[in-house]
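What follows is a short report on a single structure.
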Amino acid sequence: MSIRRPSSITSSTTLAWRQYAEQVDVPVASPKALLHLCSRSAKARTHWAQINTDYYEEDLDDYATFEMPLPKRILRYSIGAFILLPIALIAAMSVFDQLTSASTNFELILSVPVWYALMGIAIWIVIGGSKFFTNSLIYLYVLGHELTHVLAIIISRGKVTHFHVSLEGGMIKTDTSNLFVALAPYFIPLWTLVWGILAGLCYWIWPCVQTEAFLYGGIGFWWAFHLFWTAWIIPLDQPDLKEHGTFFSLVIVYFSNLLVFILLLKLFGAIQLHQFAQDFWKNTLNLTDMFHEAYLSLLSSF
């Protein structure tokens, strides 16, 4: 039995539709083995098609990628490298500072939200590392991936004209395409949100330790599910990332997932936002001083 890597297809008013297809023939195995095999063969087995657009004739047989204009690529690369990436790195440093402080608080570690979220993550590691549910997990990820595209399209006031999901991949046709639509599945943990809403309602109706543990354990499980499959699919040369520039898209994905992580830590009571803001400002000043000293040292060397 073989699988095809999950993929998504979106289209816009400027690009009538975009089709992407890739076939990776590997036996059903553990997610770790799938990641290794797919990463090794992705470039050799990837084909792009862009047909029936304003720039190509309908019967075009050649495969090509849509090239972003050079000024736009330079602008996005500059924003990603010199604005978003430094902010994301400083935020990561601040989160690390907060977690270091929280690690000595045993009451926090043993609290219901943190303890059961860690248990949920551990359960995912066991299930995700096994090969018994690989097909089911892949299908569930593809379904969530495409549904997140649909959610982003609806939020963007677009229209979905075709939707298809299977083990061989996913496909969406729409009249709307933007950065949010393309990247939403990589930083919006859809199944975590669904679980949070449903389990949160259960906890609201029956407020007890059991339903609270059910809520936070599931959040930990589904968030780990999201991170694992996002990390699995990104190295596979995704068209969603290339559409708006791979580097810029990866920075957006990293930064957005970091923000989601900060919100989850706040939900679990592991960080305080005012203290996080203070650490962020302190790390900003430290990083600025470090670059300033490096600049002065470089000038003095000439």
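Is it the case that some residue within the stretch 255-266 is touching a Leu at 6+ places or on another chain (Cβ under 7 Å) and either modelled with pLDDT under 90 or of a type in the set (Lys, Arg) (or both)? Within the stretch 255-266, one or more residues are touching a Leu at 6+ places or on another chain (Cβ under 7 Å) and either modelled with pLDDT under 90 or of a type in the set (Lys, Arg) (or both). Condition test on LEU241, is it assigned to a helix (DSSP H, G or I), surrounded by 19 or more Cβ atoms within 10 Å (Cβ to Cβ), touching a Cys at 6+ places or on another chain (Cβ under 8 Å) and not hydroxyl-bearing (Ser, Thr, Tyr)? No: the conditions fail for LEU241. If you go through the stretch 84-112 and pick out every residue that is assigned to a helix (DSSP H, G or I) and more than 30 Å from LEU250 (Cβ to Cβ), you end up with 5. On inspection, LEU198 does not qualify as within 19 Å of ILE234 (Cα to Cα), surrounded by fewer than 19 Cβ atoms within 10 Å (Cβ to Cβ) and free of Cβ contacts under 8 Å to residues at least 40 places away in the same chain.
Residue-wise test of (1) under 30 Å from ASP289 (Cβ atoms); (2) of a type in the set (Asp, Glu); (3) modelled with pLDDT under 80.
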| site | (1), (2), (3) |
| --- | --- |
| ARG45 | no, no, yes |
| ASP61 | no, yes, yes |
| GLU67 | no, yes, yes |
| ARG73 | no, no, no |
| SER103 | yes, no, yes |
| LEU110 | no, no, yes |
| PRO113 | no, no, no |
| TYR116 | no, no, no |
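Taking first residues from the stretch 125-138 that are free of Cβ contacts under 8 Å to residues at least 40 places away in the same chain and part of a loop (DSSP other than H, G, I, E, B) and partners that are surrounded by 12 or more Cβ atoms within 10 Å (Cβ to Cβ) and among the β-branched types (Val, Ile, Thr), the Cβ contacts under 9 Å between residues at least 6 apart in sequence or on separate chains come to PHE133/ILE127.
Filter the stretch 170-195 for residues that are closer than 20 Å to ALA117 by Cβ and aliphatic (A, V, I, L, M); which is surrounded by the fewest Cβ atoms within 10 Å (Cβ to Cβ)? The selected residue is VAL194. Kindly indicate whether TYR77 is in contact with a helix residue (DSSP H, G or I) (Cβ under 8 Å, 6 or more places away or on another chain), of a type outside the set (Val, Ile, Thr) and surrounded by fewer than 18 Cβ atoms within 10 Å (Cβ to Cβ). So TYR77 passes the test. Annotation for the stretch 164-182: at least one member residue is assigned to a strand (DSSP E or B), without any contact (Cβ under 8 Å) to a residue 24 or more places away in the chain and over 26 Å from LEU259 (Cα atoms). Scanning the stretch 201-221 for residues that are buried (at least 23 other Cβ atoms within 10 Å of the Cβ) and farther than 18 Å from GLY269 by Cβ returns a single hit, PHE221.
Quick check on the stretch 261-270. Is at least one of its residues β-branched (Val, Ile, Thr), surrounded by fewer than 18 Cβ atoms within 10 Å (Cβ to Cβ) and either part of a helix (DSSP H, G or I) or touching a residue at least 12 places away in the same chain (Cβ under 8 Å) (or both)? No, the conditions are met nowhere in the stretch 261-270.
Scanning the stretch 102-116 for residues that are among the hydroxyl-bearing types (Ser, Thr, Tyr) and touching a residue at least 40 places away in the same chain (Cβ under 8 Å) turns up SER111, TYR116. For first residues located in the stretch 205-234 and touching a residue at least 24 places away in the same chain (Cβ under 8 Å), partners that are among the basic types (Lys, Arg) and crowded, with 19+ Cβ neighbours inside 10 Å and lie 6+ apart or on another chain with Cβ distances below 9 Å form the pairs ILE233/ARG5.
Examine the stretch 284-301 for a residue that is surrounded by 14 or more Cβ atoms within 10 Å (Cβ to Cβ) and among the charged types (D, E, K, R), and state whether such a residue exists.
No; the residues of the stretch 284-301 include none that is surrounded by 14 or more Cβ atoms within 10 Å (Cβ to Cβ) and among the charged types (D, E, K, R).
The values are calculated or read from the model by the stated rules, or taken from the named source; none is laboratory data. Please read these numbers as outputs of a predicted model, since none were measured by experiment. Note that we place each Cβ from the backbone using ideal geometry, even for glycine, and neighbour counts take in every protein chain shown.
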